[in-house]
Amino acid sequence: MNFELTQDQKILRDSVRDFVEKEIKPIAAKIDEEHRIPQELTAKMAEMGFFGSYIPEKYGGAGLDAMSYALLVEEVSKACASNGVYISAHTSLCCDPLLNFGTEEQKLKWLPDLTSGKKIGCILLTESDAGSDVASIATSYKRDGDHFVINGTKMFITNGGCRGTGILFATKDKALGHKGLSAFIVDLSSPGVTVMKEENKMGIRGTSTAAFAFDNLKVPAENLLGEEGKGFKIAMETLNGGRIGIAAQALGIAGGAFGRALEYSKQRKQFGKPLCAFQSVQFKLAEMYARIEQAKLLVYKAAWMKDAHVNYSTESAMCKMCASEAATYVTKEAVQIHGGYGYIADYEVERMFRDAKITEIYEGTNEMQRIVISKALVS
Amino acid sequence: MKILVCIKQIPDMASKFKPNAAGSWFSEADLAFRMNEYDEYAVEEAVKLREKDPASELAVLSVGPARVVEALKKALAMGCDRAVHVPDEEAYRKDPWQIASIIAGYAKKGNFDIIFTGMQSQDRGSAQIGPLLAGMLGFSCVTTAIGFSLEGRTATAKRELEGGAKGVVKAALPAVITCQLGLNTPRYPTLPNIMKAKKKEIAVLNAAELSSEAALAGTEKFYAPVKKGTGLVLEGGDAAALAGKLIDVLKEKTTVLRG
Ligand SMILES: Cc1cc2nc3c(=O)[nH]c(=O)nc-3n(C[C@H](O)[C@H](O)[C@H](O)COP(=O)(O)OP(=O)(O)OC[C@H]3O[C@@H](n4cnc5c(N)ncnc54)[C@H](O)[C@@H]3O)c2cc1C
């Protein structure tokens, strides 16, 4: 058993860390305030290869492993959780299903624009009445000659506002439940696609979370992803991988907040001593650090299992659950250690506290993760 | 054009250093290592030169224990073509003369036109490797370069002199250039280039076959300075008065401020 990163993984982590320190950290507060990731930063991240980390070189990716991808999302999220999910939703939820379920033709057609960052990817599952209950999706498709016609709405779509490439889930007949679902590759700048709304959120405010309407959207038949009727399986397998990305994002948020709290506890003096001299603060730091390390082991293990091509669905559910709960716990305590300053937007932990919560909700709420884990145990 | 860049891996300078058991150098336990900062400037300058001439070839070399392969891989990911590792678990015990001799032993056979090194290492800070190497090879040598260009077989380098003045020197190739902060901004290894670097060659050479020079100077002792508590705390009075006092002290005791 070996808990060491490989030399290549360490080079990647350090390189991403240096990049984040210089290019992202200084503007993370601005990204949150202005609700957008600047185009120039997207270009720089694209040049770094952030949008194609583990996608094979043949499709314009870097061809690295899932572990490297987790490290990338973690390091980015230490400074900016918005950028963490920007990369994660794009990679795990759009590039990944294309890679796993796409035909060679589809991969060659769609992946290079995604891995180069020319187009930003997203997944369109959630609807107003279909959240945790994916099988009750009502957006419908109908075959019409050499294309499909799609009608319906989607909401809460991360990266939706970028109007790049989307993996859209629709049903042939809602009465068929999960058996009616199919997945389609959609160019979101096509006619028939309308962005209805950009949500105003508690955290990860730099990312777009958009609501869509599809009005007789024509999708060429060759854009069907995987087999017809296999949409549910595609969605579940995709979310499996995606959870590693979200867990890595949560781990990054927790790590970022911990770093700020530790530093602050050494600098801030009350009663003639630095805060870190008080045992109650020390115990907080110990608890925070231990929870981060627990989560890290689970996240890295799930990524390692993905790379080893063994079934990792329980591990990905556990790592997402534990890392997100570590993130909300650690950011809450980080604010507490900062006292009143922690509540003020000038201090980064204020943003991190708001950013952390979503990791317990999206890509399957933690209640759904507990269902996944317990099903594997008792079935 | 054949280019060589020599790099060293050093501990993260923010680490807590402890002497090793023999008290001869620092203990490596619990330390994280990275490429010496000045060597990053050297790699960047070498890669820039390499990119200007597709026919050129750029090798990166490091003498040191197995861990230095990580620094070599980083240099490959930044754009070097191939790497040379001279494994030496006890490189820290060798003096600059011996290390330079090993590098010269390799460089002599390589027909290099130009060799870049860092101005000094962040840990030992002897700043001797570049000049020694130039002497051993009979190359011209420019130290502490903060600007560099090449025309034909003539290198032009800008140097930072004492007190902030600048100087420009020209040197005929073959030459050794030691690189200083300000020369350039080292690139980040990109993800695709980290992947590509995995396929690049890392040759392993035997130190003993490259040089058998004895040390000219050995490190006797490594220890933390005794705490003297001579720090100065300015207290009392308003901010303006304190600032005035601080300026007086800086003028008197340091070179930060003048006249
Ligand atoms: C910022 C943001 C970004 C998002 N990005 C995307 C995206 O890119 N693409 C996309 O398709 N979706 C996205 N979503 C949607 C997200 O995945 C869903 O919000 C989430 O899955 C929960 O669905 P819901 O909001 O409908 O909540 P509900 O399903 O209504 O759940 C409400 C509560 O009930 C609990 N609950 C529900 N069912 C059960 C049960 N069977 N047993 C126990 N408890 C249960 C839930 O855990 C939760 O606590 C995003 C959401 C947000 C807020």
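Which entries in A:LYS22/B:LYS245; B:LYS8/B:LYS196; A:LYS284/A:LYS375; A:LYS201/A:LYS301; B:LYS170/B:LYS199; A:LYS25/B:LYS73 show an alpha-carbon gap greater than 28 Å? Please report the intermediate quantities before stating the final value.
Numbers: A:LYS22/B:LYS245 35 Å; B:LYS8/B:LYS196 22 Å; A:LYS284/A:LYS375 34 Å; A:LYS201/A:LYS301 32 Å; B:LYS170/B:LYS199 37 Å; A:LYS25/B:LYS73 26 Å.
From the list (A:LYS22/B:LYS245; B:LYS8/B:LYS196; A:LYS284/A:LYS375; A:LYS201/A:LYS301; B:LYS170/B:LYS199; A:LYS25/B:LYS73), the Cα-Cα distance tops 28 Å for A:LYS22/B:LYS245; A:LYS284/A:LYS375; A:LYS201/A:LYS301; B:LYS170/B:LYS199.
Over region A:232-378, consider all pairs of different Cα atoms and compute the Kirkwood hydrodynamic radius from their mean reciprocal separation; express it in Å, one decimal. Before the final figure, lay out each step's value.
Values: mean 1/r = 0.0629 Å⁻¹.
The answer is 15.9 Å.
Say each of A:ARG13 and A:GLN336 gets a label point 7 Å from the Cα, pointing the same way as Cα to Cβ; how far apart are those two points in nm?
2.8 nm
Could I have the simple spin-label model distance between B:GLU151 and A:LYS118, label points 7 Å from Cα toward Cβ, reported in nm to one decimal?
4.1 nm
If only Cα atoms are counted, what is the Rg of chain B, and what is its Dmax, in Å?
Expressed in Å, the Cα Rg and Dmax of chain B come to 20.8, 67.
Just from its helices, what would the mean residue ellipticity at 222 nm be for chain A, if runs of 4 or more DSSP H residues each count -39500 (n - 2.57) and the sum is divided by every residue, rounded to the nearest 500 deg cm²/dmol? Before the final figure, lay out the partial values.
Numbers: 12 runs with 186 residues, N = 379.
The per-residue figure over chain A is -16000 deg cm²/dmol.
Using alpha carbon coordinates only, what is the Rg to Rh ratio of the protein assembly as shown, with Rh defined as the Kirkwood radius?
1.03
Can you check how the C-alpha radius of gyration of region A:7-115 compares to 2.2 N^0.38 Å, as a plain ratio?
Details: Rg = 13.9 Å, N = 109, 2.2 N^0.38 = 13.1 Å.
Normalised Cα radius of gyration, region A:7-115: 1.06.
Quick one: the Cα spread of region A:114-248 along its three principal axes, in angstroms, biggest first?
Over region A:114-248, Cα extents along the principal axes are 41, 29, 29 Å.
With +1 on each Lys and Arg Cβ and -1 on each Asp and Glu Cβ, how big is the dipole of region A:121-229 about its Cα centre, in debye rounded to the nearest 20? Spell out each step's value before the answer.
Values: 11 positive and 13 negative charges, 48 e Å.
Once rounded to the nearest 20, the dipole reads 240 debye.
Helix B:239-253 versus the longest principal axis of chain B: what angle, 0 to 90°, nearest 10, using Cα atoms?
60 degrees
Let me know the shape class of region B:140-193, please: from the alpha-carbon gyration tensor, a ≥ b ≥ c as square roots of the eigenvalues, rounded when a/c is under 1.5, otherwise prolate if a/b is greater than b/c, or oblate.
Oblate, since a/c reaches 1.5 and b/c is not below a/b.
Based on Cβ point charges of +1 for Lys and Arg and -1 for Asp and Glu, what charge dipole magnitude is obtained for region A:40-127 about its Cα centre, in debye rounded to the nearest 20? Kindly include the intermediate steps, with their values, before the conclusion.
Working: 7 positive and 11 negative charges, 29 e Å.
That gives a dipole near 140 debye.
Fewest to most neighbouring Cβ within 10 Å: what's the order for A:HIS309, A:HIS178, A:HIS338, B:HIS85?
The order, fewest Cβ neighbours first, is A:HIS309, A:HIS178, B:HIS85, A:HIS338.
Under 28 Å between alpha carbons, and skipping anything fewer than 8 positions from A:LYS218 in its own chain: which lysines qualify?
The qualifying lysines are A:LYS107, A:LYS109, A:LYS118, A:LYS119, A:LYS142, A:LYS154, A:LYS172, A:LYS174, A:LYS179, A:LYS197, A:LYS230, A:LYS233.
How much length, in nm to one decimal, is gained on full extension between A:ASN311 and A:ASP346, taken as 0.36 nm per residue of separation minus their Cα-Cα distance?
Once the chain is fully extended between A:ASN311 and A:ASP346, it gains 8.2 nm.
If I fit a long axis through the Cα atoms of helix B:37-52 and take the longest principal axis of the Cα atoms of chain B, what angle between them do I get, 0 to 90°, rounded to 10?
With rounding to tens, the tilt is 40 degrees.
So what is the relative contact order of region A:170-284, in percent, for Cα pairs below 8 Å that sit 6 or more residues apart?
Answer for region A:170-284 is 22 percent.
Return the single residue from A:SER68, A:SER265, A:SER92 with maximal mean-square fluctuation; model: Gaussian network over chain A, springs between Cα atoms under 10 Å.
Maximum among the listed residues: A:SER265.
Treating only the Cβ atoms of Lys and Arg (+1) and Asp and Glu (-1) as charged, compute the dipole magnitude of region B:85-169 about its Cα centre; round to the nearest 20 debye. Spell out each step's value before the answer.
On the way: 9 positive and 9 negative charges, 51 e Å.
Dipole of region B:85-169, to the nearest 20 debye: 240 debye.
Set Lys and Arg Cβ to +1 and Asp and Glu Cβ to -1, take the dipole of region B:119-259 about its Cα centre, and tell me which of B:ILE247, B:LEU181, B:ALA217 lies farthest positive.
B:LEU181
Over chain A, what is the relative contact order in percent, taking alpha-carbon pairs closer than 8 angstrom and at least six residues apart?
17 percent
For the pair B:VAL168 and B:ALA66, what calculated FRET efficiency results from E = 1/(1 + (r/R0)^6), where r is the Cβ-Cβ distance and R0 = 30 Å, to the nearest 0.05?
With R0 = 30 Å, the Cβ-Cβ based efficiency is 0.15.
For region B:43-187, report the translational diffusion coefficient in µm²/s to the nearest whole number, using Stokes-Einstein at 37 °C, 0.692 mPa s, and a Kirkwood Rh over Cα pairs. It would help to have the intermediate numbers written out before the result.
Numbers: Rh = 15.7 Å.
Reported coefficient: 209 µm²/s.
Just to check I understand the Karplus step: with θ = phi - 60° and J = 6.51 cos²θ - 1.76 cosθ + 1.60, what whole-Hz values come out for region A:3-16, glycine and proline as x?
Each residue's phi maps through the Karplus curve to give 9, 8, 5, 6, 4, 5, 5, 5, 4, 4, 4, 5, 5, 4 Hz.
Could you grab the relative contact order for region A:7-115? Cα pairs under 8 Å, six or more apart, rounded to a whole percent.
Working: 106 pairs, mean separation 32.4, N = 109.
Taking the mean separation of contacting Cα pairs over the length of region A:7-115, I get 30 percent.
Share of antiparallel DSSP beta bridges in the protein assembly as shown, in percent to the nearest 5?
60 percent
Evaluate E = 1/(1 + (r/R0)^6) for A:GLU199 and B:LYS200, where r is the Cβ-Cβ distance and R0 equals 45 Å; express this FRET efficiency to the nearest 0.05.
Given R0 = 45 Å and the Cβ-Cβ separation, E is 0.45.
May I ask you to evaluate 6.51 cos²θ - 1.76 cosθ + 1.60, the Karplus curve with θ = phi - 60°, for each residue of region B:14-28 and list the ³J(HN,Hα) values in order in whole Hz, giving x for glycine and proline?
7, 5, 8, 8, 10, x, 6, 4, 7, x, 9, 6, 7, 7, 8
For chain A, modelled as a GNM with alpha-carbon contacts under 10 angstrom, which of A:GLY241, A:GLY49, A:GLY84 fluctuates the most?
Of A:GLY241, A:GLY49, A:GLY84, the most mobile in the Gaussian network model is A:GLY49.
Which of these, A:LEU124, A:LEU285, A:LEU41, has the largest mean-square fluctuation under a Gaussian network model of chain A (Cα springs below 10 Å)?
A:LEU41
Which residue, A:ILE55, A:SER92, A:ALA254, has the largest displacement toward the positive end of the dipole of chain A when charges sit on each Cβ (Lys, Arg +1; Asp, Glu -1)?
Going by the charge dipole, the pick is A:ALA254.
Treat the count of other C-beta atoms within 10 Å as a stand-in for reagent exposure and order B:SER140, B:SER24 from fewest to most.
B:SER24, B:SER140
Where a number appears in this text, it was derived from the coordinates with a stated rule and is not lab data. This one's a predicted model, so the numbers in the text were calculated from it and none came from an experiment. Cβ sites come from the backbone with ideal geometry, for glycine too, and all protein chains shown count toward neighbours.
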